[in-house]
Structures are given as C-alpha cells and as structure tokens.
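The values are calculated or read from the model by the stated rules, or taken from the named source; none is laboratory data. Given the structure is predicted, the values throughout are model-derived calculations rather than measurements. Here the Cβ positions follow ideal geometry from the backbone for every residue, glycine too, while neighbour counts run over all protein chains shown. For accessibility, only protein heavy atoms count, side chains too; no ligands or nucleic acids. Shrake-Rupley method; radii C 1.70, N 1.55, O 1.52, S 1.80 Å.
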Amino acid sequence: MNAKTALAAGCFFFGILIATHAGAQEAASEVQESAFVFNTLFMLIMGMVVMFMGAGFCMLQAGLVRSKNAATICLKTISLYSVAGMMVWLVGYNLIYGVEAGGLLGAFKIWSASDVDMAGASHSAHSDWFFQMVLVATTASIVSGALAERIKLWPFLVFTAILTGLIYPIQASWVWGGGYLNAEWGFSDFAGSTLVHATGGWAAIAGAIVLGPRIGKYDKGRVCPMPGSNLPLATLGAFILWLGWFGFNGGSQLASGSFQDAGAISKIFVNTNVAASAGVLTTLVLTQLIYKKADLTIVLTGAIGGLVSITAEPLAPAIWQAVIIGAFGGVLVTVAVPILDKFKIDDVVGAIPAHLICGIWGTMIVPWSKVEASIIGQLVGVVMIGGFVFVLSFLVWVALKFTVGIRASAGNELLGLDKAALGLEAYPEFAPG
Amino acid sequence: MNAKTALAAGCFFFGILIATHAGAQEAASEVQESAFVFNTLFMLIMGMVVMFMGAGFCMLQAGLVRSKNAATICLKTISLYSVAGMMVWLVGYNLIYGVEAGGLLGAFKIWSASDVDMAGASHSAHSDWFFQMVLVATTASIVSGALAERIKLWPFLVFTAILTGLIYPIQASWVWGGGYLNAEWGFSDFAGSTLVHATGGWAAIAGAIVLGPRIGKYDKGRVCPMPGSNLPLATLGAFILWLGWFGFNGGSQLASGSFQDAGAISKIFVNTNVAASAGVLTTLVLTQLIYKKADLTIVLTGAIGGLVSITAEPLAPAIWQAVIIGAFGGVLVTVAVPILDKFKIDDVVGAIPAHLICGIWGTMIVPWSKVEASIIGQLVGVVMIGGFVFVLSFLVWVALKFTVGIRASAGNELLGLDKAALGLEAYPEFAPG
Amino acid sequence: MNAKTALAAGCFFFGILIATHAGAQEAASEVQESAFVFNTLFMLIMGMVVMFMGAGFCMLQAGLVRSKNAATICLKTISLYSVAGMMVWLVGYNLIYGVEAGGLLGAFKIWSASDVDMAGASHSAHSDWFFQMVLVATTASIVSGALAERIKLWPFLVFTAILTGLIYPIQASWVWGGGYLNAEWGFSDFAGSTLVHATGGWAAIAGAIVLGPRIGKYDKGRVCPMPGSNLPLATLGAFILWLGWFGFNGGSQLASGSFQDAGAISKIFVNTNVAASAGVLTTLVLTQLIYKKADLTIVLTGAIGGLVSITAEPLAPAIWQAVIIGAFGGVLVTVAVPILDKFKIDDVVGAIPAHLICGIWGTMIVPWSKVEASIIGQLVGVVMIGGFVFVLSFLVWVALKFTVGIRASAGNELLGLDKAALGLEAYPEFAPG
C-alpha cells in the first residue's frame, strides 16, 4: 500500500466511523425519546385510573353510610380530592422530592416545572406530579370514610390540607424521595402499603379516637349495626377501586418502555388481581363459616384488604405467593372488624382494617418475596412512619377539636349531616323505611 | 493513489453511502411508524375515556332530575349518543373536515376511510373519526340535561340528529376543519370551550326558552327548588366527567409520539386537574358564604365549570393561571344559577352556567396565556359561533314546536315522563317520601 | 490494485459489513422491543377496561333485579370474578393454550410464566394471561344475570368454577388455542361472539331450564312483569359494558405496534361503536312501534345485543355492514324476549337474547365480510361449541340440583335472597312502595 492509498483508505475508515457513530447517536436519541413517550403516557394513563379511585371511594362510602349522610360524604370526597390537588402543588411535591439523600425534610416551595429539558428525563415532570398527586388524594380518601356521619365538613378539610400538604409528603420523602428510611434502612414499599394506605389508616384511627363513635353505635355495651344504605353503590365503589389499583400498582413501576418494565407491569397486574380475588374469597368463606351468612360488606372490604396487602410488593411474589398475601389480608379484615368494635373505635366503612392493618401486613411480608428487603428494615419503616403519622395526626385532631371543634352537634348528627350542614338530602324523594 | 485503488475506494465509498442511506430510510420509517402507533393508540384510549363521559352525563342528569323522570333521561342519554354516532358517520365528519381552507361549508358525504395508505399519516383515519364522534356526542349530552323533565323523547332526538349532523359540524369546520374562523381570525379553541361546550350550551338555552320552564318551577314569582333525587349518582357523574376530561383535553393534542407531545399532554393533564379542583373549592367556599350551607349540587357544577373554563387552552397556562381560570369558572357558576332563574330559564342540571358561560369565559381568557391568540379573534369566534348555533337551534326548536310539538302534556309532566312515555318507573319499588 | 491495497480494502469492506450488520441487529432488536412494549401495554390497558365490565354486569344486574335481591347479585358478581381469576390460574389457561395443534384437550397444569425470555415474544406472558382471564370472567357474568333472584349462592359459585376452569377453556382451546375447530374447520370468532358470549348464554339457558322460573313469573298462563328496581344503575351498567367492549374487541387484536395493528384496532373501535348505536336505535324504534312506549330495559339489552353481534368480526366489515350487523342484533333482542317468555324460560336480565342469540347471529354473519370464513365452518363451530357447552352445563346443573340443590327455598325467594342468604338489605332505609 502506498502512502496515498493508505491516506485515502484512512479517510474512508474515518468516514465510516463518523457515519456509524452519528447513526448510533441518532438511534440512541430515538430510543430515548421512545422510552420517554412510553413512560410518560403510561404514567398519565395509570394516573388517570388512580384519579378515578376518587369516584370509587365516594361510591363505597356513600353506599356504606346511612342515607342521611350520603350527600355529605359525596361532598367530602370530591372536596378532599380538590384540596389534595392544591396542596400537592403548593407544598407537597417539593416536600417529597426536595429532600436531600438520606435527609428528613424536603423543601417548602410551590411546584412548577418547565419540562423543557426533556431529552435527559425518563418521563415528563408533569406526568410525575400528576401520578404523585392522585396517590396523595387516595390517602385522604381513606380518612373520610372512617370518620363519616359525625365529623364537621370544614375541620375535616383543614385536616385534609395538613395531611396532604405536610404529613403525607414528609413521610413519603423518607422513602420515595430518597430520605433516611430508604437510604439507611433499605425500607421497601413499592406502591405504598405503608406510605399511602397505612398513612391514611393511621390518620383515620387517630381521628376516630379523638372524634368518638357515632351516637348509638356502642350503646349499653352492645355493638349496634348501622348497615350501609346503598350496597349496590358500595359494590360499584369496590369495583372502581379494584380497577384503579391496576393503575396504582402498575403505575408505580414508573417506567414502561422496555422489555423489563413492560414485563414487570404485566406481572404486577396479575399479582394485584389474584391478591384481590383471594381477599374476596377468604372473606366470603370466613363470613359464611363464622356468621352463617356471606357478608357483602366484609367481602368488599376483603377485596380492598387483598389489594392493600399486595401493594407493598406486587412485583416480586410468585402468583401463589400473591394469592396467600391477599388471602391473609382477607383474614385480617374479617378478624379486625369486631376487634375495632371491642375498642369502640367506630370506623364506618372498614377503612382501618383494610388500609391500616393490611397495609402493615403487606409491608412486613415484603422480605418473603423480595430478597433485598429485611424484616428489620420493614419494621423500622412501619414503626417510624406509623408513629410519625399517628402522633402528628392525633395532635392536629386534638388541636382542631379544642379550637373550631370537629364533631357535629348531637342534634345535627341525629338529623343527618345532609340536612344539617348541606340543607338538602341525598335521596329526598324516598321515604325512610 | 493509482486508478485501481481509486476505483476500489470509490466502490467502498459508494457502498457506505448506500448502506447509510438505506439504514437512515429504514430508521426514518420505523420512527414514523412508531409515532403513528403512539398517536393512534393515544387517540383511541383518550377517545374511549371521552366516550365514558356519556355515562357521566347520564349519571349527573339522572341524579339531578326528580325520580319520576330518571329513566327517561337515561334513555335519552344513551339514545343521543347513538344518534350522534350515526350522524357523524352519515354527515358530520365530512362536513367538519371536508371544508376548504378558509371556507364556510364542508362536504355532504357519508364518511369512510380505507386506512390503507397509513405510512404518510400521523394517526389512523378511524381513530380520528372516533375521537371526533365522542366530542360531538358530548355536545348533545349538554342539551339533554338542561331540557330534562318536560321535553318529549322523539322531538329531542330529532333535534339531536340536526345538532350532531349539521349544527355542530358546520361551526366546528370553521375552526378545526381549517375554515374561515381559523384562517382569517386566528380563533383559538384547543379542545372546545366554544366548539363543544358553548355550542351545547347555546343549543340548550335556545331549547329552554322555546320549551319554557317546568310546571311549578316559577310559581307566584318565587323560584321553587326541585332538588335532585339521587345525589350520590350525580356525584358519580361529576367524577366520571372529570375523568373523561383528561381524555377530552389530553386527546385534543392529537399526537403523543414525541418529547414535545408527551410533555404537552402531561401539562394538559395537570392544568385540567387543578382547574377543576379550583372550581370545586371556589363554589364550596362561595356557597358556604352566600347560603351558609355548602351546596353539593353547585359544587358539582363548579367542578364542571372549572373543567370547561380550561378547555379552550389547557396547555399554555402556567399552573397558577390554570387555577385562576378554573376558580373564576366556579365564581361564574355560583353567580349564574340565580341569574338564570331571574330570567325564568329553567336549566335542570346547571348545564348553561357550566358549559355556556364558562365556555365563553374559557375562550375569552385564552390570550392571557397564549400569545398567538387575540381578544378580537376570540370575540369574533365566540360571537359568530354563538350566533350561528343559537339562531339555528332556536329555529329548529320553534319548527319542532309548531309541527310535532316538543313539550309533554301537563298531565304527563306531572305524572312523570317515565310512567307517561316509557310506561315504567326508574325506582318502582321505593315509595315516594 | 496491488495486494496490500486489496487487503486493506478488504478489511474496510469487512468492517463495513460488521458495522452495518451490528447496526441492523441493534435496530431490529429495538424495533422488536418497541413492538413488545406496545403490544404488552395495549393488552394490559384493554384488559383493564374489560375487567371493569365486571362492574358493568354488576350494575346492569343489580338495577334489573328486584331490590330484595340486589345485594346478592352484587356479591355474586364480585365473587364470580374472583373465582374466575383463581380457576384460570389453576386450570383454565393451560387448558386453553396447552392444546396440541388440531387437538381436543389441553394440559391440566397450574399456570406460571417466568417472562425471562421476552426478546422473542410479541407480548409478555402475564399480559396474555390477564387478558384471557378477564374474558373468562365475562362469560361467568352472563350466567349470573339470567339466573338471578332464585339461585343459591354457593352452588352458583361451584358452577362458576367449573365453567371458568373447564367448560370455557376446553371450547376456547378448540379455536383460540389452535385446536380442531380452528385447524380443521377454519372456524372464525375474532373476539368471542361464540367463545365468550354464546358460551355464557348456553350455560345460562341450561341453568334457567334446570332452575325454573321465579315464583309468580308465569302464573296462570300470563307473563307477570317484574320490573328492575333501579334503572339508572342498569343504564350505568350498559354504559360501562359499552366502554369495556372497546377493550374486549380492540384488545383481541392482540398486537398494536405496527401500522397494520394500530389501524386495525381503530377500525374495530369504530365498528364496535356503530354496531352498538345501531342496536340501541333499532330497539328504540321497534319498542316504540310494537308497544307504543320506548322501553329502556330492552334498549339497554339492544346496546349489548349490537355489541355481541359485532364481536365475532369487528375488523372486516365496512361501517355500513357493522351498522346492519348491530341493527339486526337489536331486532333479535326485541323479538327474542317474548319468545323466551313463551317457553317459560325466565331470564332476569335479558342475557340469553343479548349474549346467546346475538352471539350466534354475529358468528354466522362473519362470512359476509370476511372472505376466509365459510358458512359451514361457522355453523360447525356454533353447533359444536353450543352442544358441548349446553350439554355439559346442563349435566352440571342437574348434578348440583340433585346433590346440594341449586334453588333457594320458596320462603327465601319470596323474602328475598338478601335477607335470607346475606342477612341484610341492599337498600335498608327505603320503604317498599
């Protein structure tokens, strides 16, 4: 080869390199854009389904309260969703994700995002905000059900603002924001058995204690059943929640644009579904055995209990493990309802068994299927978050009780909050039986 | 370099060119196919969610009418959706998109598409048809609520056919079809505050005027409240509509397969959500202040008012702007309800405040966030479309009134349309209270 | 060219080959990954919508039964969905897809999938399982409606287990599993007019015959109407089913990541929608003409009838053909309801007209639009599957009848299954009218 030939060949070689490299870069950028679009659209669609859980909670609770309080619970559920949306924007989001690695407290700052520099992101900032917001709203929805039929509207909404703007975001920052529970203890909670559901449950039980039971619920040492006024609506609510849970657990994968992510989401869907089914079947069989009657209300709670149980880790378990996790959630729900009554904690819709107790169960069972998680780490997370949420919620409820008051007057409670607070009735044309 | 070397090198160089070119072509076609799939599936999924708004309107209206007319409104909402589907196929779609650039009237032609030549398209023709069809059905759903409890079934469906086959398509062609309002005035209406919602509202107010109020609604100079018979259903309806609006506004981006589109859709979701939340909270506070009672019915209308307000431009506003736009929608709803009563315009479900008045507000506020829009351009669009839809609707209602008649007999109205027109009852087993 | 030059050139040439080949491989793998993600997410989202049909069936049936049985039907629908989920996992899935090509019986084996080797798959195994599971649940939901108000809970669930674990999977394996009906007869059923809907209908009619009509339904030779207790809920159910059908038919494309697939899904959406609309309008007009009153209940059944009719082939028909297919489904529904009454087959919710009769119609009309299908092949499939499902279901019902008994006692039936079997009421506070 003479020098000229070598030079020419070198040029070609260099040309090929450039061409290949440029092609690879372009291809890489296309792949990244494609993944960005997959992830973003996925988060939005899943978030949309989780948003609809607001309707699910609304229907479940409207169906399980007495008809004289059904319009009020409807007003509360649509209002709390709206309050949550504002608070996550004004405070919450930057509290969750503005925390330093291993830290305790995020930033107090209104959230905004330009979404200009998307080329480096896995998904759009706005889609992330949307998905977080609907999770936060879920937490607040749990509280409204437990305290129904006796709490005043406005103090409830004040608590909701504090819960969704401060309490939830601070504890969530410890795990999903990369704070100390995640960094130091390896606490693992995939989609929020503890962060979302037990948090809602702790806030609810604190409220139920401070608020006291409904008039007549525990008279003369007996538990007086106060059956739900519209069970088809309650069943619709449970179905909507079940639907929403695919978004809740599936969306928590936070990405969808690869073999691994799409496969993971699929497994999450299957595990989520069988856990709920197992919760239904366990409560169905148990209530038939214990009470000689299958109890629809407990079965609906069993579905939700199964769903909450699998939420801390819907990906790692084999299907048979997911079945057992959900089934035991159903057992817990069946057992917990009478125990709460023993302590005269009046939880109108079974929110505490389903969300708090199954939330703890779901979190503690994570190490069974996920090798990276440890029982100690899980326990620390459950205790730290539980303690933080319960104590802070309790203080807020007490503060509200001794300032503005949280409980409707006995007269208003007996009359029904719909007439008393809203001046209307949920079903004005139907005569009480 | 000798001749042979040069020849060989040339061959290689040519080879590289070919290889690179072929690769680039193939890559470009894959990118285009990927975008096509993203866009098409996105339109279908969003359209599916908008389709479900039919259920939302149905539940909202069935909950807000008196129970003696609840089955009839259910029949109307499912029938009007079906009529809309037929009319958009038979006439509407080609009226909207068959218009010449800057033109006034599209083509009268049954729609069909082969969808064979998809390689050049951004999304499939059938997905575009589907998304347009569900928007048109929304417009008709608005009318049914305002005129409930007194209009006859068949004349209503005749009007629906004219609205969805002619009135809506012609005005929509002026903007979304590229007709004169878009071409000459730069009128901007992203997802249809004017084209869908105000259009429905104008058709409704024309109908309400021609039809007159329900018997007993404005007796002896007093407004007689006729409370909704099933407020939990109405609340469910509002939640479903809120859900559907993500599809409505998000889907109107019409594309999803790029950084820009996916980011835009995300921002639309966030703005849509905060506008609705702001509408809820404004009406909640205002009704508490004005009436000393939080009013669930007005709050539900406030949610919808907030959503309609952000529909003309859900992308350009910053979040705080979207909050203000939605909040003011809530103010308008609260104020407009008593004003309509003053004029004895009987709008059973608050459709005119939410869809017409907030539709105008949302359209006029577009220039605040979108620099390309002008107040003049927006005003021209609002006036031209409003005038066209109102006058034409009014004429059609009058023509129907003086031919087949549009109003149920007084006897039938008092008996309830369910028994009179359908020969059944919505809730046959429940005694009136 | 001298030897050295040739050598160098050869090296470059080889280099280009390698580079091009590697690039092509990488690109091909990216394309395959992208298609995998599209297909998998599509199946999950569509499956999620089909899952929600459980709520649709629940609302439709709860609205169409008398209120004394509404809670029981709610319990049945959520329980049967759960049973189906377990059975498809434990037996069903491998019965469907474990069949040999052209075979008769699949494998008895609990299903599990590692989803590790996804690179060669079109979509994830778990997404496929999920989609199949929700289809199976649909079949069982059809049965619950027809037999409502008189069947005992536990025998019904035993039948459900056999239907979803054995009967459905075996017949589905003959077609979708690649068994003999597909291989030998070219039987074509795109989304399950026969496999899902007629199968549910055959199981229902067998049950209705063995179970007998409700007390008082056919007294003294007259048909005693037993109107649904909550028609707004029933209408909601129909809307949810309509929504779910986009997932049902669209998802049955089983792939979405190409021009062809996305275009096909779009056409399926349009055809599905117009068929349902046509079913609504036909029943609306026919009931008005025949009974002088538009009948909401029949119109809702007409929507479902239209949807079932287009399910066997939602892709091949032109829109006008889909309209005719759906419209004739509406005719069949209108005609079939009184005919069933003539035979004293008491189908509480019109499941047999909508799912069985329209299922047969939809299957037999496939060759009109799909050239690959033959009338003979379709007939063989309808008869073989119908015979298999009917005979087996009949035997199971009879076996259950003469062992545990399937019918509630007359006292319990008159009291209502809610009080008798569940010890509660669906609407405890509303006085019967």
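The residues of segment A:321-433 present an accessible area of 42 Å² per residue when probed at 1.4 Å with all protein chains retained. Scanning residues 5 or more positions from A:A107 or on other chains, those with amide H under 5 Å from its amide H are A:L95, A:G98, A:V99, with H placed 1.01 Å from N in the peptide plane. Only lysines eight or more places from A:K267 in sequence, or on another chain, were considered; those with a Cα closer than 21 Å are A:K370, C:K109.
Roughly how many Å² is the accessible area per residue of segment B:42-130, as a whole number, for a 1.4 Å probe? Mind dumping the intermediate values first?
Values: 2370 Å² over 89 residues.
For segment B:42-130, the solvent-accessible area averages 27 Å² per residue.
Across segment B:173-186, coupling constants 3J(HN,Hα) worked out from phi with the 6.51/-1.76/1.60 Karplus curve, θ = phi - 60°, read 5, 5, 10, 6, x, x, x, 5, 5, 6, 6, 9, 10, x Hz, and Gly and Pro carry x.
I'd like the accessible area for A:F390, computed on protein heavy atoms only with a 1.4 Å probe and all protein chains in place. Round to 10 Å², please. Only protein atoms counted, so the area is about 60 Å².
Counting Cβ atoms of other protein chains within 10 Å of each Cβ in C:155-165 and taking the mean gives 0.
Of the whole protein surface, A:V335 contributes about 80 Å² of accessible area at a 1.4 Å probe radius.
What order, most packed first, do the peptides C:99-109, B:132-142 have when packing is the mean number of other Cβ atoms within 10 Å of each residue?
On the way: C:99-109: 15.3, B:132-142: 27.3.
Result, highest mean Cβ count within 10 Å first: B:132-142, C:99-109.
For the pair A:V404 and B:V335, a Förster radius of 25 Å applied to the C-beta separation gives a FRET efficiency near 0.30, rounded to the nearest 0.05. Label-to-label distance, B:L379 versus B:S122, with points set 7 angstrom from Cα along the beta-carbon direction: 3.1 nm.
Think of it as helices only: each DSSP H run of n ≥ 4 in chain B is worth -39500 (n - 2.57), and spread over all residues that comes to -22000 deg cm²/dmol at 222 nm.
Peptide A:245-258 shows a mean partner chain C-beta count of 2 within 10 Å per residue C-beta.
Remark: for residue pairs A:K68/A:K419; A:K68/B:K217; B:K152/C:K292; A:K220/A:K292; B:K292/B:K342; C:K68/C:K217, the C-alpha separation exceeds 19 Å in A:K68/B:K217; A:K220/A:K292; B:K292/B:K342. Near the amide H of A:R407, within less than 5 Å, lie the amide hydrogens of A:K152, all on another chain or at least 5 residues away, with H placed in the peptide plane. Label-to-label distance, C:A101 versus C:V223, with points set 7 angstrom from Cα along the beta-carbon direction: 4.9 nm. Partner shielding of B:279-291 amounts to 3, given as the average count of beta-carbon atoms from other chains within 10 Å of each residue beta-carbon. Distances, shortest first, from the label point of B:S122 to those at the same position in the other copies read 3.0, 3.0 nm; the point lies 7 Å along Cα to C-beta. Plainly put, the tip 7 Å out from Cα toward Cβ on B:L415 is 3.9, 3.9 nm from that tip on each other copy, the closest given first. The phi torsions of segment B:72-81, fed into the Karplus equation with coefficients 6.51, -1.76 and 1.60 and a -60° offset, translate into couplings of 5, 5, 5, 4, 5, 5, 6, 6, 5, 4 Hz, rounded to whole numbers, with Gly and Pro shown as x. Across the identical copies, the label point of A:L395 (7 Å from Cα in the Cβ direction) is separated from its matches by 7.0, 7.0 nm, in order from shortest.
Heavy-atom accessible surface of A:Y97, to the nearest 10 Å², is about 80 Å², with a 1.4 Å probe and all protein chains retained.
Listed values for segment C:139-148 are Karplus-derived 3J(HN,Hα) couplings in whole Hz (6.51 cos²θ - 1.76 cosθ + 1.60, θ = phi - 60°), namely 4, 5, 4, 4, 5, 4, x, 5, 9, 4, and x replaces Gly and Pro.
When all protein chains stay in place and ligands, DNA and RNA are ignored, the 1.4 Å accessible-area order of C:S82, B:S409, largest first, is B:S409, C:S82. Residue ranges C:264-277, C:321-334 sort as C:264-277, C:321-334 when ordered by packing (mean number of other C-beta atoms within 10 Å per residue, highest first). The Cα center of segment B:331-405 and the Cα center of segment C:204-224 differ in position by 53 Å. Applying a DSSP loop filter and a limit of 14 other Cβ atoms within 10 Å to the GluC sites (Glu not before Pro) in segment A:324-433 leaves A:E372.
Would you work out if segment A:190-232 is rounded, prolate or oblate? Take a ≥ b ≥ c from the square roots of the eigenvalues of the alpha-carbon gyration tensor; rounded if a/c is under 1.5, else prolate when a/b is larger than b/c, oblate otherwise.
Working: a/c = 3.47, a/b = 1.68, b/c = 2.07.
Oblate is the answer for segment A:190-232, as a/c is 1.5 or above yet b/c matches or exceeds a/b.
Convex hull volume of the Cα atoms of the protein assembly as shown, normalised per residue: 180 Å³. Amide H contacts for A:F430 (H built 1.01 Å from N in the peptide plane; partners 5 or more residues away or on another chain; cut-off under 5 Å): B:G433. Counting protein heavy atoms only, the protein assembly as shown has 69 percent of its accessible area on carbon and sulfur, 1.4 angstrom probe.
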